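To start, the structure itself, in structure tokens.
The values are calculated or read from the model by the stated rules, or taken from the named source; none is laboratory data. Everything numeric here is computed off the predicted structure, so don't read it as measured data. Here Cβ is always computed from backbone atoms with ideal geometry, including for glycine, and neighbour counts include all displayed protein chains.
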């Protein structure tokens, strides 16, 4: 081997005949930084540098077609001794006869600058370069008897660096492409990942005329030969490229002004403009080391390389009779094979096999920088090599398209992609360097730019590629049963086998078969059957009728309204049945309004008598299957074993708490039972590295909904979030904990502040009360899930095996799960304490079944729910993988023990469900009905919005009780008694009628006075007495309509209007206009609850007054405006009244939220969190490639 100074590379004569054997010079640049194998970037460990360099030199020495010459180009800052290490490599000394070393360049020289110096037109005298294009080139050295170029051989430069390892036949394949055409001046190999040659890195550069790079192939895409038909391209990467020396001289060499990332694109672009072809050789495979390991796309981790036998997939648990994985061998050793290869060994978690570490869409930081640099460099090259008069337009296009693309990607929830798009703007920050590069290449173009159209990516292809990316970003990942089978059951191709060993009868299961046999489907169907059989008594009464009236009784109060009515019940500052109230209805009503709105899209529901009641009934019936499905899905955070999750889901659906919620009409408790497993799974997942921000915000949504239904659960959510924020592993985990603690509180809005001001609200949500002092339950009964006043002892005893399984799991505490089991143990203790303490706390009065207020205590169900979910969580965590590696004679015994425990537990759960079906729904719930007469309902829902006055004998039997009933709904469930609104005079009027002391001296009869109060009908109970009936019959302005169902109905007659031009009499109305003397002029149409109006008011006489049949307290929460001018309420009147302007205008009466700013911010935050919680696209589309 001879080491001499290198000859200069000069402009050559036209290419020789193809028969001449090329002279290949391998140019090995030794930069300061050698790419390492870790994610942090360049390797600094000398051993790592040596490994990468040795692989490159070894690959160079092993070529089937050896290189003719090696040119080593060190930089001044290259690692010490690296040149000597290259020269001393034993394989290289045998394979390459001529090794030349270029002197090191100046301090601070980059690898690209060193390459430009090595391939420049006068590399031997870099300081004396002539700019005269007519200057004669330096002569080539004459070949002598020693090593040197053969006569007539074309000189080729093979560009290499440490971290570029060509396959043994790579050079031979490259030269084969060169020999095929004399016009080829630059040929590039197929670049594959350093760590895994099955993953593609690059095969030519696909660029539009505007410099937009298209990822084809995507970084990390499996190599399946899908791009092997590619030939001519615009440019190739410099790594492993073979370029003719005369082409390099012709285009002026490598231009370092455009940066390392754009050097290959710039060289190829200039070569194309100079009339040289740039092609790729897909058969020439070259491994290239990037700053970090290339992440795989498409799941190649389980695919063996050619000739490699796949490692056996670890069996989930050889002793677990519930493991459903049919792809696992019955006695595979879980501690060998792939687990040992991954460094997990016997303690690997087979339940989460295939789950990506670091999150499903984790993107390394180096990849973001790499992708951004490549895109930015492509834009710079396009700005430099386009026509000079197009450059300003292209610069504007780069800026506008970069900003627009970044905004669009933010909308699609792709922040990393948006950041990369914004990186395009960096291409505009180097105008001087671009102008300098443009000036140097002004004489190299020999073809028209338009002639390069075939090697650019066309606009249609670019738009198609963009559209595909958008579809990936908005299309959700398909579930396993639509992808052709369970993920765990798929296995890699093992290679050719004997024909007699192949089973030709095995066919893939059909879609219906896969769905029907899925454990989640079986659990949901079984729970739905139990629910329907439990309420079988009510099915014949129209329980599931879309146009029916739902349910009533138990904790349900009669509600006859739509989603709009429930929305106003939650939103309006003044709301509720009768005269109304300002007490907060709670966010649970708002969520129920949304669910009702969704139900109204179903056929028949919107035209029914009470869509809200129908929705409530359907939600109660669906709570059992929904609870089973939610528990099954939530269990996947802990384990993938479908059998174990199905057992836990059935136990959760068989909970005595849920059974009591169904039979007693506790809607909010049933909905909380559905949400609780999902929320706890989200909280548990937030502490791991596998979660995503989408899952975190989805957990925030679920936690806010859970807290809206059962406020006491908010304490658990906030406590877990704060705990994670304080002791979480890493800044990201702590930030997730802070988000989980703060966002649910913010979503609840001002109601969360009221919880702090009045802690009773935590324990007294609607539907979560027990009337009177409930009997105290024994602690051991509560531990079995029995709540006071709930299901029987037998039901609780049948769930005892669940508790035993949980105790075994808590005692076992498998490695890495001690913290989770500790948290579940604490939750179980808190749930037990809450259930035991509930009967001892009186939170206030609630209305009993007879309408009289009685003391109320919190229902013990929420505490028992926390206990049960903690026990079932302990079963999932503690029994996961138990035992992992049984040994000796204990194997069969322990398997039998596990089988017996699971069988007994399943039998207890199924028996509990059977008893629930036997007992049925009981007598508390009945089919709902609207007690109001149809004519009163029609008037209440019309523009007059008149009310029905209901009179009955009071509970003491000494007087008459009254109730105003309009179309406004009250709380759908029983809650604490709220303060009554100030009576505008209804009570005094009823008392005067009942006592016979009604004063008629003013000339206003009973009918006129009732009309002033917006009463259109009067209903009297049959036991209220004959005297009152006669008084109503004799009262002026009333007309009896008839009797039925033990009640008598009177109608309030219309009265004459003071406006003679009006003609028609005025029927009782909620909102009217009176003249200055108090006589009614006209009735105004009501557009919303409690007198909401939006109408054009004609001009009239001065002194007119707007009168609303509402409580005097109503004025503090209402806004009355005419053409935007707010009117002030007149003092001293029983019902609210306002003086109207004579010129008329647009009259608007509204009942805004009590804290309107908070309400709007709450809705805005809800929209943002919803957007962040909705998953967009597949896992692949969420990751940079």
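So is residue 921 at pLDDT below 90, assigned to a loop (DSSP other than H, G, I, E, B) and within 38 Å of the chain's Cα centre (by Cα) or not? Spelling it out, residue 921 is indeed at pLDDT below 90, assigned to a loop (DSSP other than H, G, I, E, B) and within 38 Å of the chain's Cα centre (by Cα). Only residues that are in a strand (DSSP E or B) and under 23 Å from residue 453 (Cα atoms): list them for region 192-251, please. Listed by number, the residues that qualify are 202, 205, 206, 207, 213, 214, 232, 235, 243.
Residue-wise test of (1) within 22 Å of residue 934 (Cα to Cα); (2) surrounded by fewer than 20 Cβ atoms within 10 Å (Cβ to Cβ); (3) touching a residue at least 24 places away in the same chain (Cβ under 8 Å).
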residue	(1), (2), (3)
540	no, yes, no
548	yes, no, yes
555	no, no, yes
560	yes, no, yes
563	yes, no, yes
583	no, yes, yes
592	no, no, yes
605	yes, no, yes
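For region 574-594, give me each residue that is part of a loop (DSSP other than H, G, I, E, B) and over 22 Å from residue 986 (Cβ atoms). If the condition is that a residue be part of a loop (DSSP other than H, G, I, E, B) and over 22 Å from residue 986 (Cβ atoms), then 584, 585, 586 are the ones that fit. Among the residues making up region 576-621, those that are more than 30 Å from residue 982 (Cβ to Cβ) and more than 33 Å from the chain's Cα centre (by Cα) are 607, 608, 609.
Only residues that are assigned to a helix (DSSP H, G or I) and either within 47 Å of the chain's Cα centre (by Cα) or surrounded by fewer than 14 Cβ atoms within 10 Å (Cβ to Cβ) (or both) were counted across region 437-461, and they come to 12. Taking (1) more than 21 Å from the chain's Cα centre (by Cα); (2) at pLDDT 85 or above in turn, residue 729 satisfies each apart from (2).
Cβ-Cβ contacts under 7 Å between residues 6 or more apart (or on different chains), taken from a first residue in region 892-910 that is modelled with pLDDT under 70 to a second residue that is surrounded by 13 or more Cβ atoms within 10 Å (Cβ to Cβ), are listed as 894/319; 894/883; 894/886; 895/319; 898/319; 898/320; 898/321.
Just to be sure before I move on: is residue 114 modelled with pLDDT under 80 and either touching a helix residue (DSSP H, G or I) at 6+ places or on another chain (Cβ under 6 Å) or surrounded by fewer than 20 Cβ atoms within 10 Å (Cβ to Cβ) (or both) in the structure I sent? Spelling it out, it is not the case that residue 114 is modelled with pLDDT under 80 and either touching a helix residue (DSSP H, G or I) at 6+ places or on another chain (Cβ under 6 Å) or surrounded by fewer than 20 Cβ atoms within 10 Å (Cβ to Cβ) (or both).
Here is the figure for region 80-104: residues that are closer than 15 Å to residue 30 by Cβ, assigned to a loop (DSSP other than H, G, I, E, B) and over 53 Å from the mean Cα position of the chain (by Cα) total 5. Among the residues of region 269-278, those identified as crowded, with 22+ Cβ neighbours inside 10 Å and outside any helix (DSSP H, G or I) are 276, 278. All of 864, 945 fail the test of being at pLDDT 85 or above and part of a helix (DSSP H, G or I), apart from 864. Looking at this structure, is residue 207 touching a residue at least 24 places away in the same chain (Cβ under 8 Å) and farther than 30 Å from residue 392 by Cβ? When the stated conditions are applied, residue 207 does not pass them.
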